[in-house]
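Structure, as structure tokens:
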Amino acid sequence: MADEIAIQITQVTKFYGSGTDSTRALHDISVAIRHNEFFTLLGPSGCGKTTLLRIIGGFEDFQNGEIILHGNSIKALPANKRPVNTVFQHYALFPHMSIRDNIGFGLKMLGKNAAEIRERTDEMLDLVKLTEYGHRRPAQLSGGQQQRVALARALAPAPRVVLLDEPLSALDLKLRQSMRHELRRIRESLGMTFIFVTHDQEEALTMSDRIAVMSEGELQQVGSPEDIYNNPANIFVADFIGQTNLIPGIVKATTADAAQCQLAGGQSIEVPLARQPTPNRGDTVKLSIRPEHMDICQPDSDSAQITGVLKEQVFLGTDMQFLIEIDDSILLMVRLQSTQDSLHRWNPGDQVGIRVNIGFVRLLTS
Amino acid sequence: MTGKSQDIRHYSGFLPISLICLVLLYGPLIIVMIYSFNDSPSITVWGGFSLRWYDEVFHGLEAPKFKKAAFNSFTIAIMAASTSTVIAVCTALAMLRCGNFRGKAVTFGLVSLPLMVPEIVTAVATLIFFSTIGFKAGYATILVAHIAFCIPFAYLPIAARLQGIESFYEEAAVDLYASRLQAFFQILMPLMLPGIISGFLLAFVISLDDFIITNFVKGAGVETLPTAIFGAVKQGIKPNIMAISTLLLMLSVIFVTLSYLAGKMGSRDKG
């Protein structure tokens, strides 16, 4: 049951327009979303994530490909026949109806009787903690409350899959953070498949079971948050998720478990290959090194793998960020926790050594 | 909202120009209203306050003629406004909710053209059309003509309202298993209602007030209030005409105000 596939998307391609004017919105998207999974589509605006969500919801057509929902093709089903409900970005609560009527609307359209609708609506109001507000109009509720009503309305008909289109983007930071926990709690208590669209990587990392990173209409990588963060498949993913240093380099030599890379500027570093594919000798690569995977030491210490000149240090609260120039044009960003004693040992202009947690360095070619 | 320097009242000549415009527009109306309460049978000499001309309108010699005309006017206005409102709603849905189609710009032009064409041209054209197809002039021709020229007046407030309603409401309804028809009647129409009411009332007043087209297409013997008034005036202006005009004016003011309030009502509880 745990591995049952909720939605199988196969080679979905979509163009807007026709002929030579057409623009590609989605290209050859294939992904399987598991039952009971919190699955996130993550990418910058215009990457096609919302288009893919709207295709699943039945609001957009597409040219090629197939979508299977729990074993049945839904390609030909109109939106109102799909057992899929959406939480819209702007909530789209019906302004002329009470909160109760909003939540009960889907059940009413399904032809459920009044007693059943009342019972289910009570249940949903309870779930989103808005029992007191059933008789109000949407305009009388705060943004966070409207958000919860939109969620309750989508959950009430007990759909197979819930689609969430950037539902937290209109909320302020504090509310957004508490709604993240709320969403996870509700999903876990109901056991439903959630497909969540966001451009906010922090949201994606903290909430998802798996994330699909998208760019320019293509899937870049699908994996768990840890996987995507630690093993980015390409330069786009490494750069988009979290912060990273991308340093140009050339592979000088490879052995079975390590590659010798020469960085721009002439310094060399040895990168283990235990968790990544072996590059070819002579390949031009980008070394992705996250700021938190480095430490600063004396330039002449044995543990210094790279040396450079400290240019700038910035206090960020929990962290201190250092910018270190290792070549004319290459600045490395290093981040250390503010609690470390060694923080104030260095001053701008100093020659410093950098110790790299080498197991986390990734060699990326595209 | 705007700074003092932006205030239009600071432009020299604002006050006299405004006063001239207001006096020219509303002076005659106010005089008609005042003299409708004149006790004297002369239309220019004031002879004290009286309601006799109102009594004359309802019980005088010409009362049956005016009652018949009023009945025609009201029944035509109600039917013309209802029909043109339905057509305007359908047109607005097609123009604003059905994507782009061939001839969309032309359609918009055709819908709003009657607002710009001189009414006399429409009147003559309508008359020629009816006589060409052999449609006997009378009550029915007035009704058909009124339905046609009321459409743009009903369309404008309805389309303005629909334009302000985001399409995600219908999407949400369809997402929640509503058919397109259910989505329209349960979600979109209630949201459009202020615009629909406003459009209906506007069309009603336009139909009630129309003279030129009506005068061309009405047959002999069928009168609406404006044509009956015109007919009576040709035999000399009597104060009872002023009483009728005042009543008609009050009615128009009430309907236009209602139309405005209906439009307002929507913008408040939106979103």
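The values are calculated or read from the model by the stated rules, or taken from the named source; none is laboratory data. All values derive from a computational prediction rather than experimental measurement. Ideal geometry is used to build each Cβ from the backbone, glycine not excepted, and the neighbour counts take in all protein chains shown. Areas reflect the complete protein model, heavy atoms only, side chains present, ligands, DNA and RNA absent. Shrake-Rupley method; radii C 1.70, N 1.55, O 1.52, S 1.80 Å.
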Completion exercise
Between B:L22 and B:I43, the FRET efficiency computed from the C-beta separation at R0 = 22 Å comes out, to the nearest 0.05, as 0.40
Fill in the blank from the handout: Surpassing 18 Å at the alpha-carbon level, of the pairs A:K81/A:K129; A:K252/A:K286; B:K218/B:K238; B:K68/B:K136; A:K286/A:K311; B:K65/B:K136, are A:K81/A:K129; B:K218/B:K238; B:K68/B:K136; A:K286/A:K311; B:K65/B:K136
Handout entry: Debye equation applied to the C-alpha atoms of chain A, log10 I(q)/I(0) at 0.13 Å⁻¹
Key = -1.04
Exercise for the section: Between A:A253, A:A150, A:A238, find the one with the highest GNM mean-square fluctuation for chain A; connect C-alpha pairs within less than 10 Å. Expected result: A:A253
Exercise for the section: Describe numerically, in nm with one decimal, the distance between label points set 7 Å from Cα along Cα→Cβ at B:T257 and at B:V124. Expected result: 4.0
Completion exercise
For region A:27-89, the charge dipole (Cβ of Lys, Arg +1; Cβ of Asp, Glu -1; about the Cα centre) points to a positive end, and the Cα of A:N85, A:L42, A:G57 closest to that extreme belongs to A:N85
Fill in the blank from the handout: Here the membrane-span-like helices of chain B, with no claim about any membrane, defined by DSSP H, Cα axial extent at least 24 Å and mean Kyte-Doolittle at least 0.5, are B:14-35, B:63-97, B:139-163, B:189-209, B:239-268
Fill in the blank from the handout: Note to self: with every protein chain in place and a 1.4 Å probe, chain B gives an accessible area per residue in Å² of 55
Exercise for the section: Determine the shielding of peptide A:91-98 by partner chains: average, over its residues, the number of Cβ atoms on other chains within 10 angstrom of each Cβ. Expected result: 6
Problem - Simple Cβ-charge dipole of region B:147-271, Lys/Arg +1 and Asp/Glu -1, about Cα centre, in debye nearest 20 - result: 440
Fill in the blank from the handout: Mean 1/r over distinct Cα pairs of region A:209-346, inverted to a Kirkwood Rh in Å, yields 16.6
Handout entry: Two-site FRET efficiency, A:D239 against A:Q63, from Cβ-Cβ distance with R₀ of 41 Å, rounded to 0.05
Key = 0.85
Handout entry: Among B:199-208, B:85-94, the order from most to least packed when residues are scored by Cβ within 10 Å on average
Key = B:199-208, B:85-94
Practice task
Would you work out the charge dipole size for region A:180-270 about its Cα centre, treating the Cβ of every Lys and Arg as +1 and the Cβ of every Asp and Glu as -1, and quote it to the nearest 20 debye?
Solution key: 80
Fill in the blank from the handout: Whole-Å distance linking the alpha carbon centroid of region A:254-307 with that of region A:87-117 is 57
Exercise for the section: Throw me the Rg/Rh for chain B, computed over C-alpha atoms with Kirkwood Rh, two decimals. Expected result: 1.05
Problem - Value of relative contact order over chain A, rounded to a whole percent, pairs C-alpha under 8 Å and six or more apart - result: 15
Handout entry: Assigned charges on the beta-carbon of Lys, Arg, Asp, Glu; the protein assembly as shown dipole about Cα centre (debye)
Key = 2640
Problem - Delta accessible area of at least 40 Å² on complex formation, residues of region B:171-186, 1.4 Å probe, chain isolated as reference - result: B:E171, B:A172, B:V174, B:D175, B:L176, B:Y177, B:Q186
Exercise for the section: Add +1 for every Lys or Arg and -1 for every Asp or Glu among the other residues with Cβ under 12 Å from the Cβ of A:C261, and state the total. Expected result: +2
Exercise for the section: Taking chain A as the reference, fit the longest principal axis to its C-alpha atoms, fit the long axis of helix A:173-190 to the helix C-alpha atoms, and give the angle between the two in degrees, 0 to 90, nearest 10. Expected result: 60
Handout entry: Per residue accessible area in Å² of chain A, where ligands, DNA and RNA are left out and the probe is 1.4 Å
Key = 45
Practice task
Give me a single rounded figure for A:107-119: the average over its residues of other chain Cβ atoms within 10 Å of their Cβ.
Solution key: 2
Exercise for the section: For region B:191-268 and region B:68-84, write down the distance between their C-alpha centroids in whole Å. Expected result: 10
Problem - Most positive-pole-ward Cα, A:V31, A:P95, A:L141, against dipole of chain A from beta carbon charges - result: A:P95
Handout entry: Peptide B:161-167, shielding by other chains (average Cβ, 10 Å cutoff)
Key = 1
Exercise for the section: Roll a 1.4 angstrom probe over the protein heavy atoms and tell me the percent of accessible area of chain B that is carbon or sulfur. Expected result: 72
Handout entry: Over the protein assembly as shown: helical MRE at 222 nm, DSSP H runs n ≥ 4 each giving -39500 (n - 2.57), nearest 500
Key = -14000 deg cm²/dmol
Fill in the blank from the handout: Summing +1 per Lys or Arg and -1 per Asp or Glu among the other residues with Cβ less than 14 Å from A:S45's Cβ gives -3
Handout entry: Percent RCO, i.e. relative contact order, over chain B, from Cα pairs under 8 Å lying at least 6 residues apart
Key = 29
Exercise for the section: Read phi for every residue in region A:105-115 and hand back ³J(HN,Hα) as whole Hz from Karplus 6.51 cos²θ - 1.76 cosθ + 1.60, θ = phi - 60°, with x for Gly and Pro. Expected result: 4, x, 5, 4, 5, 7, x, 6, 7, 4, 5
Fill in the blank from the handout: Note on region A:57-74: residues buried by at least 30 Å² of accessible area once partner chains are added (vs chain on its own, 1.4 Å probe) come out as A:F59
Handout entry: Cα-only radius of gyration and Dmax that characterise region A:1-94, units Å
Key = 13.9, 46
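Could you give the Stokes-Einstein D for region A:169-252 in µm² per second, using the C-alpha Kirkwood radius, 10 °C, 1.306 mPa s?
Roughly 110 µm²/s, to the nearest whole number.
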Fill in the blank from the handout: Computed for A with B: buried accessible area summed over both chains, 1.4 Å probe, rounded to 100 Å², at 2000
Handout entry: Protein accessible area in region A:29-186, 1.4 Å probe - carbon and sulfur %
Key = 46
Practice task
Estimate the FRET efficiency between B:A140 and B:L113 by the formula 1/(1 + (r/R0)^6), using the beta-carbon distance for r and 30 Å for R0, to the nearest 0.05.
Solution key: 0.80
Fill in the blank from the handout: With Rg from the Cα atoms and Rh as the Kirkwood inverse mean 1/r over Cα pairs, the protein assembly as shown has an Rg/Rh of 1.17
Handout entry: Amide H contacts under 5 Å for A:S268, placed H, 5+ residues apart
Key = A:L263
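Share of antiparallel DSSP beta bridges in the protein assembly as shown, in percent to the nearest 5? Could you put the intermediate results ahead of the total?
Values: 62 of 80 bridges.
DSSP beta bridges in the protein assembly as shown are roughly 80 percent antiparallel.
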Practice task
Treat each spin label as a single point 7 Å out from the Cα along the C-beta direction, and report the A:N231 to A:T23 distance in nm.
Solution key: 3.6
Fill in the blank from the handout: Computed over region A:18-166, the relative contact order (Cα-Cα under 8 Å, seq sep at least six) in percent reads 28
Handout entry: Cβ-based net charge around A:L173, under 13 Å, with every Lys or Arg adding one and every Asp or Glu removing one
Key = -1
Practice task
Would you list which lysines come within 19 Å of A:K49, measuring only between C-alpha atoms, while excluding same-chain residues fewer than 8 positions from it?
Solution key: A:K14, A:K75
